[in-house]
Amino acid sequence: MDQLQLFTENAEIAEAAAEVEQTAPEESTEPKVKPKRKPLPSHLERKKQVLSPGEACNECGGDLKVLGEDITEELEYIPGRFVVTQIARPRAACTCCEAIRPYAVPPDRTWSPRTGSVRDSVSFL
């Protein structure tokens, strides 16, 4: 009798597994949406820093024409207020040889903490 119960349990488990497979949601074929950061509020004070691509082309010495610019915003805390630093990197092309000059890369600030953040963290110790 015990073996008969085991047989019926196995059949019930198989039926339950089949039901779960039928009711499982299908994977959507829509592309996943990558999360984007919201822009910083417009009421915050802004400082603009422009990184210059230079005056002349490195290859031929011709004049550079600005095509556009990329702007990156960084939020900085100064005790009592927040300031947004806008880093503008202009894209330029040579008027003679038509070579596109890459914009200047800002110094890597990820490894160097700002003075305000160090001062505030030390004062709370």
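Each value in this text was obtained by applying a stated rule to the coordinates, not by laboratory testing. Everything numeric in this text was worked out from a predicted model, so none of it was measured. So basically every Cβ, Gly included, is an ideal-geometry build from the backbone, and we count neighbours across all protein chains shown.
Over the range 44-106, with a single point scatterer placed on each C-alpha, what log10 of the ratio I(q)/I(0) does the Debye formula yield at q = 0.15, 0.17 1/Å? For the range 44-106, the Cα-only Debye profile gives -0.52, -0.60. Given their separation in residues at 0.36 nm each and the Cα-Cα distance between them, GLU15 and GLU59 gain 8.5 nm when the chain is fully extended. As a rough footprinting exposure proxy, the listed residues ILE78, ILE13, ILE87 were ranked by other beta carbons within 10 Å of their own, and the order from fewest upward is ILE13, ILE78, ILE87.
With a Förster radius of 41 Å, plug the Cβ-Cβ distance of ARG37 and THR8 into 1/(1 + (r/R0)^6) and report the FRET value to the nearest 0.05.
On the way: r = 57 Å, r/R0 = 1.39.
The computed FRET efficiency comes out at 0.10.
When only DSSP loop residues count, what GluC sites (Glu not before Pro) in the range 30-87 have their Cβ near at most 11 other Cβ atoms within 10 Å? Walk me through the numbers before you get to the answer.
Values: sites: GLU45, GLU55, GLU59, GLU69, GLU73, GLU74, GLU76; in loops: GLU55, GLU59.
Sites meeting the loop and neighbour criteria: GLU55, GLU59.
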